[in-house]
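Comments concern the structure below.
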Amino acid sequence: MTRKPATLYAAQTEGLTGPAPALVVCEHASDAMPAEFADLGLSGDVLHSHIAWDPGALALSRHLARALSAPLVAGTVSRLIYDCNRPPEAADAVPARSEVYDIPGNQGLDAAARADRARRVYVPFCNAVELALDTARPKALITVHSFTPVYFGQPRPVEIGILHDSDRRLADALLQALEDSPHDIRRNAPYGPEDGVTHTLKARALPRGLLNVMLEVRNDLLADADGIARIGALLAPALRAALAAAQTERAG
């Protein structure tokens with residue numbers, strides 16, 4: 001019997017050279033599907049759709065990391081294998097269904113199979129984030145995501161979501177920095193803490209007392225290099241201003 005590798009190379013780290021003002025994390029950066037999973041029984045179109053990853057999020061994360069002189073930790077396998085923004089006990093950490101799609105290869109998994117996915121994907125990803133935090137000693141953790149313009153057949157007018165859990169300091173400062181933007185920008189939309197999406201913030205940032213925020217950008221705004229550059233040019237200076245404002249408030 002072929003032995004499974006210890007991990008699925010579940011994280012890549014870029015720009016980690018020492019202390020930095022922030023750490024950028026992109027949990028859903030990749031739609032890569034290791035051959036051993038046989039595409040989970042899905043077609044190619046679905047495997048590269050929004051249910052498998054966050055289109056445009058990695059490119060935006062890299063733009064923001066460069067602009068902030070921050071390191072980046074990014075996922076390297078599809079979130080259909082394991083969603084690194086969910087704890088192992090969450091049902092949607094290994095989703096049997098995502099939006100309108102059944103995931104045949106994830107249905108009927110027993111506890112041991114789910115635990116194996118967590119061991120090989122989630123644990124090494126978390127370890128990479130913790131190592132980056134220990135090395136960079138940042139003041140803030142920023143996670144970057146994208147979302148589909150139409151969900152369950154319903155259009156989503158919101159363009160950029162600024163999400164937070166119990167610590168709203170950086171989100172408040174960022175919303176203020178973006179208040180003159182022409183985009184539809186909302187707090188805790190199109191998702192919020194009640195949807196379980198702030199796991200990385202809760203698990204990695206709150207215990208360390210770090211400023212933190214989750215960015216959700218509608219993926220039609222990140223469809224090409226020009227769009228990514230435009231959104232990056234909007235968010236990068238706003239994040240710099242928000243980081244400065246939030247740190248000043250904390251110091252005061």
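Here are a few things to note about the model shown:
Here is a yes/no grid of residues against (1) among the small types (Gly, Ala, Ser); (2) without any contact (Cβ under 8 Å) to a residue 12 or more places away in the chain:
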residue	(1), (2)
Ile51	no, no
Asp54	no, no
Ser61	yes, no
Ala65	yes, no
Ser69	yes, no
Ala74	yes, no
Ile81	no, no
Pro88	no, no
Ala91	yes, yes
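- Checked against (1) surrounded by fewer than 17 Cβ atoms within 10 Å (Cβ to Cβ); (2) farther than 22 Å from Val129 by Cβ, Ser166 meets all criteria but (2).
- For segment 20-59, the set of residues classified as more than 25 Å from Phe152 (Cα to Cα) and either among the β-branched types (Val, Ile, Thr) or out of contact with any strand residue (DSSP E or B) (no Cβ under 6 Å at 6 or more places or on another chain) (or both) consists of Ala20, Pro21, Val24, Val25, Pro34, Ala35, Glu36, Phe37, Ala38, Ala59, listed by residue number.
- Search result, residues across segment 113-123 that are within 15 Å of Arg79 (Cβ to Cβ) and either outside any helix (DSSP H, G or I) or of a type outside the set (Gly, Ala, Ser) (or both): Arg114, Arg117, Arg120, Val121, Tyr122
- Applying the condition of being outside any loop (DSSP other than H, G, I, E, B) and farther than 22 Å from Thr248 by Cα to segment 188-203 and asking which residue is most open to solvent (accessible area, probe 1.4 Å) yields Glu194.
- Taking segment 127-171 as the range and being without any contact (Cβ under 8 Å) to a residue 40 or more places away in the chain and either among the charged types (D, E, K, R) or part of a loop (DSSP other than H, G, I, E, B) (or both) as the test, the residues that pass are Asp134, Gly153, Pro157, Arg168.
The values are calculated or read from the model by the stated rules, or taken from the named source; none is laboratory data. Being a predicted model, the structure only gives us computed values, none of them experimental. Quick reminder, even Gly has a Cβ in these numbers, built from the backbone with ideal geometry, and neighbours come from all protein chains shown. Surface accessibility is based on the protein's heavy atoms, side chains included, excluding ligands, DNA and RNA. Shrake-Rupley method; radii C 1.70, N 1.55, O 1.52, S 1.80 Å.
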